[in-house]
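Novice: Before anything else, here's the structure in question.
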Amino acid sequence: MLALAGCTRVQHEALPPERGAPVTAPGRLRIVIFELGGVDVPFHTGLIAHVDGQTTIYDPAGVWEPASDACLRRGESVSGITPAEEEAYLTRSGIRYALGDWVTHVFDVAVPPEVARLAVQRMGQRPQSLPLHCAHNVSSLLAGLPGFDWVEPHRITADFLDDLLARDDLTYARRTARPAQTG
């Protein structure tokens, strides 16, 4: 990580207060960015789509696995996600490594159901991600969706986070937690 820090900015700017009411629209997307707490380094990005009563998680280059065998993995997307499994993803339950405290940034946006369906379709069609390409894969997927022409594809997670934080049309929530015991 030190070599990466010497080459590029990996930390985010100052964080604003949380904003907006929960989004409960029939079509919605949740952009999720996980960061190492205490050092302000965003390290992973995912995307959650809610449409037609179903939830799908796109976790490019991620290692999270749902606890339920009822979920269907297609490439780096997992469908058939229950509310409990979505919560497990957001809290990083099931990750076998503990790097210290962490922060989860969650951005919700209502979208027409056809846009959410298109996102799910494209999640399942994406090729396997290279390590450290999650921010680029999520941001480029979003940039190709109707209504997301404002998204710039980013290779640096902190830059993607800063762009999302600058948008006042996204609901923003932040969670902090300590890691679970491992080993």
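Every number here is computed from the coordinates shown, using simple stated rules; none is lab data. From a predicted model like this one, the values you see are computed outputs, not experimental measurements. Using ideal geometry, Cβ is built from the backbone for each residue, glycine included, and neighbour counts are taken over all protein chains shown.
Novice: With label points built 7 Å along Cα→Cβ from the Cα atoms of Ala173 and His133, find their separation and express it in nm.
Specialist: So the label points at Ala173 and His133 sit 3.2 nm apart.
Novice: Would you mind calculating the gained length between Ala110 and Ala67 on full extension (0.36 nm times residue separation, minus the Cα-Cα distance), in nm to one decimal?
Specialist: Here the segment from Ala110 to Ala67 would lengthen by 12.7 nm.
Novice: Where the only charges are on Cβ atoms (+1 Lys, Arg; -1 Asp, Glu), what is the dipole of the chain about its Cα centre, to the nearest 20 debye?
Specialist: 340
Novice: Right, another one. Report relative contact order for the chain in percent, whole number only (criteria: Cα-Cα under 8 Å, sequence separation at least 6).
Specialist: Here the relative contact order equals 30 percent.
Novice: Show the residues, 5+ positions off or on another chain, whose built amide H is closer than 5 Å to the amide H of Asp101.
Specialist: Gly37
Novice: State whether segment 20-96 is rounded, prolate or oblate according to the following rule on the C-alpha gyration tensor (a ≥ b ≥ c being the square roots of its eigenvalues): a/c under 1.5 gives rounded; otherwise a/b larger than b/c gives prolate, and the remaining case gives oblate.
Specialist: Judged from the Cα gyration tensor, segment 20-96 comes out oblate (a/c at least 1.5, b/c at or above a/b).
Novice: Next question. What shape does segment 22-177 take by its C-alpha gyration tensor, where a ≥ b ≥ c are the square roots of the eigenvalues and a/c under 1.5 counts as rounded, a/b above b/c as prolate, and the rest as oblate?
Specialist: Since a/c stays below 1.5, the shape of segment 22-177 is classed as rounded.
Novice: Quickly rank 71-80, 125-134 as a protection proxy: mean count of other C-beta atoms within 10 Å, highest first.
Specialist: Ranking the peptides 71-80, 125-134 by packing returns 71-80, 125-134.
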